[in-house]
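What follows is calculated from the coordinates using simple rules that are stated; it is not laboratory data. Keep in mind that what you see is a predicted model, and the values were worked out from it rather than measured. Note that each Cβ is placed from the backbone with ideal geometry, even for glycine, and that neighbours are counted across all protein chains shown.
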Amino acid sequence: MKLWAGRFKHEIDKKTNDFNSSISFDCRMVKEDIEGSIAHATMLGAQNIISPKESEKIIDGLSEILSDIQSGKLKIDMTAEDIHTFIEGELTARIGDSGKRLHTARSRNDQVALDIRLHLLKQCDAIADSIEQLMNVILNKAEQYADTVMPGYTHLQRAQPITFGHHLMAYASMLYRDLDRLADCKKRMAVSPLGSGALAGTTYPLDREKVAELLNLNGVTSNSLDGVSDRDFVLELLSTISIIMVHLSRFSEEIIMWCSWEFKFIELDDAFSTGSSIMPQKKNPDIAELVRGKSGRVFGDLMTLLTVMKGIPLAYNKDMQEDKEAVFDAVDTVLICIDTFAAMLDTITVNKENMRNAAAKGFINATDCADYLVYKGLPFRDAYKATGTLVATCIDKGLTLETLPIEEYKAICDMFDEGVYDAISLDNCVKRRTVKGGPAPCCVLSEVKAMRELLK
Ligand code: ARG
């Protein structure tokens, strides 16, 4: 029997019931639904909208239902319309008429808006925890490889020397911004819409602030129509999760490249790799590829809700029930991606020698060679031109800047002397890049330290 059976002559069509029902996915908000109802009932009692005795009965009944669900004693009825209906029905079955008073001055519209806020607040924390775990893995690796020279790239062409630690710390910076974005999302999420009613508030003397306070929220929504029809906070979280996935996807792409025979900068642990059904030699980075692939799925979740929301008139419309599967999928996906990625990263083997060999080719110290002349007084543009000519000479002769004889240098610019070899040695090129945010080992180490402080 439906809540709204009074107005109807017969039962809902069976398939339509399944189509309309949200319990298969909103059952994951059961705890928040009950917590919200307890806060509402507490306030109703305190305001004498229902008697304090009935309020107490409701609260006890709800607490019991929650513990029975948690212990497995009570199974959620998957034929119910939604979690709100199920809990209210169960409460009334247990405590009788008092249960029927719980929904006074409330609608499922403000109830569901509250539940999803409470639920997603917890998910924000879970995502933040996972990000911190991943950052810890990155920080440890960055520290370990603070002085491991590798080529830095632009256009995927070897560009200038950096360290592996520095490269990793770029991802720590991205993830730190993700943490900040999550914290920002929470600010607007943590307000109570209860009291908005179905759309037009209520005539009862509610204490909305009290409910917010009981639920540890920062305040209440300021317009009843907006209170029930706002899903910006879900969109903000989906956007934030999408950006996290962009970061993981870029990192995955690099892991995939670094594992290839073309790079061989790292090797994945067997526990985080897969083989081929036909090619016996293969060791594939499927995990990183899946993370990269799942980013597309999460962007789809964001697009889903943007599209659902863009054309619906105020206030609540059933379209909005579509918010949950999208955001739950995004949350589940990002959590499993971060956790699996962190475990994979933690167990990589780094091939320092290959990184260094790659850095030794491709003239990535050419800028440093030009800078050497600039330190001697030549304008940068002239130094750049002289070095370009030197690189061309090296290519002609099959040499590198390190192996090119000093006579060749002097023939192009008489400001060169033996000191140039010191200036262009890879280790020095990296060590001297001590500008804040630079790749010098000392900078990487202090960046790691600073980031650890921020995470405390
Ligand atoms: N399952 C619904 C949802 O998720 C709950 C709100 C129902 N409200 C209504 N007026 N039918 O949106």
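Annotations
- Coupling constants for the range 84-101 follow from the phi torsions by the Karplus curve (6.51 cos²θ - 1.76 cosθ + 1.60, θ = phi - 60°), and in residue order they are 5, 5, 4, 5, 4, x, 5, 4, 5, 4, 7, 10, x, 4, 4, x, 6, 8 Hz; glycine and proline get x.
- Fewest-first ranking of Lys2, Lys75, using other Cβ atoms within 10 Å as the exposure measure: Lys75, Lys2
- Two-site label geometry, Leu225 and Thr349: point separation in nm, points 7 Å out along Cα→Cβ: 6.5 nm
- Loop-located trypsin sites (Lys or Arg not before Pro) in the range 88-138 whose Cβ has at most 11 other Cβ within 10 Å (DSSP): none
- Exposure proxy order (Cβ contacts within 10 Å, fewest to most) of Tyr316, Tyr204: Tyr204, Tyr316
- Whole-number percent relative contact order across the range 276-421, with pairs defined as alpha carbons under 8 Å at least 6 apart: 15 percent
- Under 5 Å from the amide H of Ile162 lie the amide H atoms of Met150, Gly152, each residue being 5 or more positions distant or on a separate chain, with H modelled from the backbone and absent for Pro and chain starts.
- Whole-Hz ³J(HN,Hα) from phi, Karplus 6.51 cos²θ - 1.76 cosθ + 1.60, for the range 421-429, glycine and proline x: 5, 5, 5, 9, 5, 3, 4, 5, 4
- Shape parameters for the range 287-368, alpha-carbon atoms, Rg then Dmax in Å: 21.5, 64
- Sparse-neighbourhood loop sites, GluC sites (Glu not before Pro) in the range 254-362 - DSSP loop, at most 15 other Cβ within 10 angstrom: Glu262
- Cut-off 20 Å, label 7 Å out along Cα→Cβ of Leu455, residues of the range 166-194 by amide N: 166-184
- Scanning residues 5 or more positions from Ile50 or on other chains, those with amide H under 5 Å from its amide H are Gly45, with H placed 1.01 Å from N in the peptide plane.
- With a simple spin-label model that places each label point 7 Å from the Cα along the Cα-to-Cβ direction, the separation between Glu289 and Ser446 comes to 4.3 nm.
- For Val220, nonlocal amide neighbours, meaning residues 5 or more places apart or on other chains whose placed amide H falls under 5 Å from its own, are Ser192.
- For the chain: Kirkwood Rh in Å [reciprocal of mean 1/r, alpha carbons]: 26.3 Å
- Put a dot 7 Å past the Cα of Ala392, heading toward its Cβ, do the same for Thr104, and the two dots end up 9.0 nm apart.
- Sites matching chymotrypsin sites (Phe, Trp or Tyr not before Pro) across the range 136-188 that sit in DSSP coil, with at most 10 neighbouring C-beta atoms within 10 Å: none
- The range 433-456 versus the range 230-255: alpha-carbon centroid distance in Å: 25 Å
- Sequence-separation-based contact order of the chain, relative, with Cα cut under 8 Å and 6+ spacing, percent: 16 percent
- Listed residue pairs exceeding 18 Å between alpha carbons, taken from Lys361/Lys436; Lys187/Lys294; Lys187/Lys456; Lys141/Lys449; Lys141/Lys352: Lys361/Lys436; Lys187/Lys294; Lys187/Lys456
- Stretch gain in nm, segment Gln133-Val374, where the contour uses 0.36 nm per residue and the Cα spacing is subtracted: 82.4 nm
- Among Cys442, Cys337, sorting on how many other beta-carbon atoms sit within 10 Å of each Cβ, with the fewest leading, yields Cys442, Cys337.
- For the range 351-378 versus the range 65-89, the gap between their alpha-carbon centres in whole angstrom: 66 Å
- FRET efficiency, Asp207 to Asp427 (Cβ-Cβ, R0 60 Å, nearest 0.05): 0.35
- Computed extension length for Met78-Ser260: 60.7 nm, one decimal, from 0.36 nm per residue of separation with the Cα-Cα distance subtracted.
- In order along the range 372-378, the phi-based Karplus estimate (6.51 cos²θ - 1.76 cosθ + 1.60, θ = phi - 60°) of 3J(HN,Hα) comes to 4, 5, 5, 4, 7, x, 6 Hz; Gly and Pro are listed as x.
- Gain upon complete extension [Asn17, Asp417; 0.36 nm per residue less C-alpha separation]: 135.5 nm
- The range 323-342 and the range 145-188 have their alpha-carbon centroids 22 Å apart.
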